[in-house]
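Here is the structure we will look at.
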Amino acid sequence: MTRLDPQPGERLDRSTTVRFTFDGAPVEAFAGDTIASALYAGGRRIFSRSFKYHRPRGEMDWAGQGSGSLMQVDGAPGIRAASEVVREGMLVEHQNAWPSLDFDVMRMSDIAGGPFTPPGFYYKTFKWPRRAWPLYERALRGVAGLGTLPHRQDEREWRTEYRRRHCDVLVIGGGVAGLSAALAAARQGADVVVADDDVEPGGALLVEGGHERVRALAAEARAAGVEVLSKAPALGFYDGLVPVWQGDTLHQIRARRHVAATGAIEQPLVFKDNDLPGVMMAGGARRLAALWGVLPGTTAVVATTGDRGLDAALALHAVGVRVVAVADLRPDAASRELGAAVQAAGIRLLAGMTVVRALGRAGVRGAVLAAVDATGKATGPAEEVECDLLAVSAGTAPATSLLLQSGAKARYDAATSRFLADVPDGIVHAAGAVAGHEDAEAAAISGTVAGLDASVTLGLGGANAKRALTNERKRLEALPTAAPVAAPPAYARDGRRGGKAFVDLDEDITVKDIAYAVDEGYDSIELSKRYTTVTMGPSQGRHSQLASIRVLAAVTGRPLDDIGITTARPPWSTVPMGALAGRPFEPAKRSAIHERHRELGATVKWAGDWRRAYDYGDPEGEAQAVHQAAGLIDVSTLGKLVVRGPDAGAFLDRLYPNRVSTLKPGRIRYGVLTSETGRITDDGTIARIDDETFYVTTTSSGAGAVLNWFTWWLADWRMRVHITDVTQASAAVNLAGPRSREILGELADIDVSAEGMQYLDALPAVVAGISCLVLRIGFTGELGYEIHCPAPHAQDLWDGLMQAGAAQGIRPFGLEPQRILRLQKLHILVGQDTDSESTPYGAAMPWIVKLDKDEDFIGRWALARAAEHGAATALVGFSLPDGNVPAEGAAILDAGGAPIGQVTSARRSRQVGKVIGMGWVPVAQAEDGAVVTISYDGETYEATVQTSPFHDPEGALVRS
Amino acid sequence: VSFLLTCPHCGIREVTDFGFGGEVSSRPKAQPTQRELNTYAYFRRNVAGVQREWWVHRSGCGAWFLAERDTRTNEVMWTAIPEEAPAP
């Protein structure tokens, strides 16, 4: 066991044991352990296999930021075991290794695969034959993987709650700076939220000896009313909106001021085999001991570029790790305060030296230390030191991504050899390590300054807050500057062959890979990133961005500030796709009669947002029933608007190219809507109910757009009109066929005889006991009645009509037979037979445009021009001898085989005895009897143009 | 894009609640020339700065209203139904 005695600031509840399984074997943990800390305490050192080479890997920072501890937990892949707290009974499995973590056959790619795995390898190698790529991809996915998704759909889904939170100040990062900022702002009366990614607020001080202080500070902040969100990483900065993911909740936080207290990230050193299990960040090793009471190693070597490593060496020594050597790159390390302390503790301090190679196969067995020149090449004799822990620290990089997303500019700071963010005046303040204040005291004061500054700019706290702000700023300026840090070489090396020096452990990118990419011409940081995928792995460059810039600078011989930094894009933290993708359902509209259609065996399909009955199993037979007896179709999906008011007629006159105000109450007119450029946007019927009331129907898919169009013009014109959308409140059925009059007559309280109710009459009536509006129109081409009623009564209306029609041979018919019927009549479907270029002239409806209308109307001027110039193409009908039905979109060809038009609709019609269709052809061919060639599925067919309807061309039936 | 917009009827909402109607352009009063018609139908000023534009509270009351917004910063100066909007 490597569990230490209870540590003063540890997160464990040692009185409670939690049991889980790892690869089937039972594991005992304490409450508060992470999966990785429990496994490490039990002796496991290898947690994962690397992405490409399947090298054994452990955890580097013990915060779960990298890929080192990715595991499959309860079926979910890619869980970071180093930050996932244990739960009783959880099933933990390794991923990306076969047959086991400790022996992975794909390790061969590391040992033997040297020349086969440079950047771009897959795409250069697995190209032939091209159609085999899916096979290659499947195989590659298996070996270069990030776990496997559960097979069952329900195991891949979960529910995400969305919470919108508005506050005065959002503090991102709950370390000492963030908590100080939150407390200062809350004391001035601000509504403050803190989002922190760890399981408790406190940040670096929890590990670095300040746990009592930060825990007290967190309690104080909570008492002052601050809302603290834990395990809640901020994902990005979107114009002031910050999404924060917390378990199954996505908080969308909008604050008036933001404090970025995102801290700094300790950086690894680059040397040969710097990825061996046992190589850790110095801060990571310290964290493992401090928070979970686990001994990180028995014998340690520490390699550092500054005080961080020395501090860590002392902390490791204090918990009982035998620290055998500390290599500090600074030549004057021994004369510094902490250097002296290290030596006083009896630890060998090697000033001016660093680690050039880690030794060992499945884990660290030793380290090779040497003095190096500025490029990292060993200059003196190398010394081998045995150890099982190699703690490294190349200084820190400020976590500036969110700041950069908010508009801050990245700037290279030569003094600290890293990139900082210059924050412009605005709604974002930076505090703590991200702003360069890494020391605990400086971080706390800078946090207070940020909190006060935010409050003052919001007008909170009055003169006292302003005075306090001035004082705190003075205190911050008076603090001593931090100890210098040596700039690490791009990569340290001993000149011997063998081993790999990793720049990016997540993506298995080595120094060699970056150099290889430069040789291929990818010598800018943005190109290098895309070609090698460096910084694109799970840590999002947290551990590799600075290292990759240093290596690129070294390989190209350019200075670091010339190389620059890649764009910081959201998401900054890992988030499941499901949390962003929204709720796992698709909203569907169903008509009030939907259940009846299902009982009748309807084929239900999507039609826009609607679930509609396409047919009842026999589309052609259903169409024939409409010709021979009667059919009933649910047309509740039609858009329905009530347009009412003294100006209603004048309003519609301005929207439709034909006359509406001349319509008499009780009559109906067909109408086409056009855009200002004269293009058809929708069509439908307009029924006048009384002087001031019109009942307007639209296409099913255009209902929302027409409502928007009407209300927009109404807002602009400010006429005395009210528009009520009754699309969902009203249902409608179309009773069609020669027997429909008899059927309706049995149920209606009005005279439906040919004289009593003529074609295009609109009459209120009680049908089957239900108040309805009956419109005598004929989309199907047969005698027909469109009956509208309140949706709650629609099923009764349907049932009444079906019962009354049973003796007459009534059949329900679906959308598909209706399409056959309307095609026989050459009735257009807007959006199917027309597109964004179609005018009423081209669509063979010149009669609908009344250019002599007194009222101005939308599209008038464009239509007047179209009338003068004529259309180049026209929409016509065509027929083919019974046979193949060309697909919608099939090309119409000229004699030379060049396309001159296209088919928009085609169906087989039993009534006509042919395949019929509609399509666009040049006006020269838009004549009855013209023969055109249709190309479809590799064959060509001769079709005969027809400009009049195929069925009942005179329209005698609809008027009968 | 993410900012807040005030519906004249419903109050402050996320911009995702609304539909955008584009910059306000005035419809020609009388028969336009071909050039005027093309300009009206196809051309937008697309200013970098404050512009008057149409919005609709799509996921709310459905009202169309006017707003003045800085297209560079998404700062919204005011929103109002057309009857109550300041003169342009």
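Could you list, in sequence order, all residues of the stretch A:336-379 that are among the small types (Gly, Ala, Ser), within 49 Å of the chain's Cα centre (by Cα) and part of a loop (DSSP other than H, G, I, E, B)?
A:GLY352, A:GLY360, A:ALA362, A:GLY363, A:ALA374, A:GLY376 - these are the residues of the stretch A:336-379 that are among the small types (Gly, Ala, Ser), within 49 Å of the chain's Cα centre (by Cα) and part of a loop (DSSP other than H, G, I, E, B).
Considering A:GLU816, A:GLU837, which residue is over 23 Å from A:TYR941 (Cα atoms) and within 14 Å of chain B (Cβ to nearest Cβ)?
A:GLU837
For the stretch A:933-960, name all the residues that are assigned to a loop (DSSP other than H, G, I, E, B) and farther than 21 Å from A:GLY913 by Cβ.
Let us first name the residues in the stretch A:933-960 that are assigned to a loop (DSSP other than H, G, I, E, B), namely A:937-938, A:947-955, A:960.
Listed by number, the residues that qualify are A:ASP937, A:GLY938, A:SER960.
Identify the residue in the stretch A:805-851 that is among the β-branched types (Val, Ile, Thr) and touching a Leu at 6+ places or on another chain (Cβ under 9 Å) and, among all such residues, is nearest to A:TYR656 (Cα to Cα).
The residue in question is A:VAL849.
For the list (1) away from every other protein chain (no Cβ under 14 Å); (2) of a type outside the set (Asp, Glu); (3) farther than 12 Å from A:PHE710 by Cβ, I need the number of the one condition that A:VAL643 fails.
(3)
So A:LEU851 fits all but one of (1) at pLDDT below 95; (2) under 17 Å from A:GLU676 (Cβ atoms); (3) under 42 Å from the mean Cα position of the chain (by Cα); what number is the exception?
It is condition (3) that A:LEU851 fails.
Could you tell me whether B:ARG27 is in contact (Cβ under 8 Å) with a residue 12 or more places away in the chain, within 12 Å of another protein chain (Cβ to nearest Cβ) and over 12 Å from the mean Cα position of the chain (by Cα)?
In short, yes.
Those residues that are of a type in the set (Lys, Arg) and without any contact (Cβ under 8 Å) to a residue 60 or more places away in the chain, I need them from the stretch A:307-360; list them, please.
Once the filter is applied, which keeps residues that are of a type in the set (Lys, Arg) and without any contact (Cβ under 8 Å) to a residue 60 or more places away in the chain, the stretch A:307-360 yields A:ARG322, A:ARG348.
Are any of the residues in the stretch B:44-52 part of a helix (DSSP H, G or I) and either touching a Phe, Trp or Tyr at 6+ places or on another chain (Cβ under 9 Å) or buried (at least 16 other Cβ atoms within 10 Å of the Cβ) (or both)?
Filtering the stretch B:44-52 for residues part of a helix (DSSP H, G or I) gives none.
The answer is no, given that none of the residues of the stretch B:44-52 is part of a helix (DSSP H, G or I) and either touching a Phe, Trp or Tyr at 6+ places or on another chain (Cβ under 9 Å) or buried (at least 16 other Cβ atoms within 10 Å of the Cβ) (or both).
Could you check how many residues of the stretch A:594-614 are outside any helix (DSSP H, G or I) and surrounded by 22 or more Cβ atoms within 10 Å (Cβ to Cβ)?
Here is the first cut: in the stretch A:594-614, the residues outside any helix (DSSP H, G or I) are A:600-614.
Applying the additional criterion that residues be surrounded by 22 or more Cβ atoms within 10 Å (Cβ to Cβ) yields A:612-613.
Residues flagged as outside any helix (DSSP H, G or I) and surrounded by 22 or more Cβ atoms within 10 Å (Cβ to Cβ) within the stretch A:594-614 amount to 2.
Can you report the number of residues in the stretch A:848-871 which are small (Gly, Ala, Ser) and within 11 Å of chain B (Cβ to nearest Cβ)?
Total satisfying the criteria: 3.
Given the criterion within 14 Å of chain B (Cβ to nearest Cβ) and in contact (Cβ under 8 Å) with a residue 40 or more places away in the chain, identify the matching residue among A:GLY240, A:GLY210, A:GLY203, A:GLY263.
Numbers: A:GLY210 fails: within 14 Å of chain B (Cβ to nearest Cβ); A:GLY203 fails: within 14 Å of chain B (Cβ to nearest Cβ); A:GLY263 fails: within 14 Å of chain B (Cβ to nearest Cβ).
None of the others qualify; the one that does is A:GLY240.
Which condition breaks for A:ALA81 when tested against (1) under 22 Å from A:SER230 (Cα atoms); (2) surrounded by fewer than 21 Cβ atoms within 10 Å (Cβ to Cβ); (3) touching a helix residue (DSSP H, G or I) at 6+ places or on another chain (Cβ under 6 Å)?
In the conditions (1) under 22 Å from A:SER230 (Cα atoms); (2) surrounded by fewer than 21 Cβ atoms within 10 Å (Cβ to Cβ); (3) touching a helix residue (DSSP H, G or I) at 6+ places or on another chain (Cβ under 6 Å), A:ALA81 misses (2) alone.
Could you tell me which of the residues A:ARG222, A:ARG215, A:ARG256, A:ARG287 is among the basic types (Lys, Arg), over 29 Å from A:ASP453 (Cβ atoms) and out of contact with any helix residue (DSSP H, G or I) (no Cβ under 7 Å at 6 or more places or on another chain)?
A:ARG287
Can you find a residue that is surrounded by 15 or more Cβ atoms within 10 Å (Cβ to Cβ), more than 28 Å from A:GLY407 (Cβ to Cβ) and facing chain A (nearest Cβ under 8 Å) anywhere in the stretch B:2-16?
No: zero hits.
List the pairs whose first member sits in the stretch A:706-726 and is more than 11 Å from chain B (Cβ to nearest Cβ) and of a type outside the set (A, V, I, L, M), whose second member is outside any strand (DSSP E or B) and surrounded by 18 or more Cβ atoms within 10 Å (Cβ to Cβ), and whose Cβ atoms are under 6 Å apart, counting only residues at least 6 apart or on separate chains?
A:ARG720/A:ASP647
Quick check on this structure: which one of A:ARG542, A:ARG558 is in a loop (DSSP other than H, G, I, E, B), touching a strand residue (DSSP E or B) at 6+ places or on another chain (Cβ under 6 Å) and either more than 29 Å from A:VAL244 (Cα to Cα) or modelled with pLDDT of 90 or more (or both)?
A:ARG542
In the stretch B:30-47, what residues are more than 15 Å from the chain's Cα centre (by Cα) and more than 10 Å from every other protein chain (Cβ to nearest Cβ)? I'd like the intermediate steps shown before the answer.
Going residue by residue through the stretch B:30-47, those that are more than 15 Å from the chain's Cα centre (by Cα) are B:30-43.
Matches in the stretch B:30-47: B:ARG35, B:THR39, B:PHE43.
Yes or no, residue by residue, for (1) within 30 Å of A:ILE563 (Cβ to Cβ); (2) aliphatic (A, V, I, L, M); (3) modelled with pLDDT of 95 or more:
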{"position": "A:ALA430", "(1), (2), (3)": "yes, yes, yes"}
{"position": "A:VAL449", "(1), (2), (3)": "no, yes, yes"}
{"position": "A:SER455", "(1), (2), (3)": "no, no, yes"}
{"position": "A:ARG467", "(1), (2), (3)": "no, no, yes"}
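Just name the residue that is surrounded by the most Cβ atoms within 10 Å (Cβ to Cβ) out of those in the stretch A:3-47 that are under 36 Å from the mean Cα position of the chain (by Cα) and among the acidic types (Asp, Glu).
A:ASP33
Do we have A:THR699 as free of Cβ contacts under 8 Å to residues at least 60 places away in the same chain and either touching a Pro at 6+ places or on another chain (Cβ under 7 Å) or more than 14 Å from every other protein chain (Cβ to nearest Cβ) (or both) here?
no
Can you name every residue in the stretch B:71-84 that is free of Cβ contacts under 8 Å to residues at least 40 places away in the same chain, surrounded by 14 or more Cβ atoms within 10 Å (Cβ to Cβ) and within 11 Å of another protein chain (Cβ to nearest Cβ)?
Answer for the stretch B:71-84, where residues must be free of Cβ contacts under 8 Å to residues at least 40 places away in the same chain, surrounded by 14 or more Cβ atoms within 10 Å (Cβ to Cβ) and within 11 Å of another protein chain (Cβ to nearest Cβ): just B:PRO82.
Inspect the stretch A:740-763 for any residue being surrounded by fewer than 17 Cβ atoms within 10 Å (Cβ to Cβ) and under 52 Å from the mean Cα position of the chain (by Cα) and give the result as yes or no.
Within the stretch A:740-763, none of the residues are surrounded by fewer than 17 Cβ atoms within 10 Å (Cβ to Cβ) and under 52 Å from the mean Cα position of the chain (by Cα).
Considering A:THR637, A:THR693, which residue is surrounded by fewer than 17 Cβ atoms within 10 Å (Cβ to Cβ) and more than 14 Å from chain B (Cβ to nearest Cβ)?
The conditions single out A:THR693.
Among the polar types (S, T, N, Q), surrounded by fewer than 22 Cβ atoms within 10 Å (Cβ to Cβ) and touching a Lys or Arg at 6+ places or on another chain (Cβ under 6 Å), is that true of A:GLN808?
yes
Would you call A:GLY189 at pLDDT 95 or above, away from chain B (no Cβ under 14 Å) and part of a loop (DSSP other than H, G, I, E, B)? Talk me through it step by step, then tell me what you get.
Details: at pLDDT 95 or above: yes; away from chain B (no Cβ under 14 Å): yes; part of a loop (DSSP other than H, G, I, E, B): yes.
Yes.
Across the stretch B:48-70, what is the number of residues that are more than 13 Å from chain A (Cβ to nearest Cβ) and within 13 Å of the chain's Cα centre (by Cα)?
3
Looking at the stretch A:669-685, which of its residues are away from chain B (no Cβ under 14 Å) and out of contact with any Ser or Thr (no Cβ under 8 Å at 6 or more places or on another chain)?
As a first pass, look at the stretch A:669-685 and keep what is away from chain B (no Cβ under 14 Å): A:669-673, A:680, A:682-685.
Matches in the stretch A:669-685: A:VAL672 only.
The values are calculated or read from the model by the stated rules, or taken from the named source; none is laboratory data. These numbers were taken from a predicted model, which means no experiment stands behind them. Backbone-built Cβ (ideal geometry, glycine too); neighbour counts: all protein chains shown.
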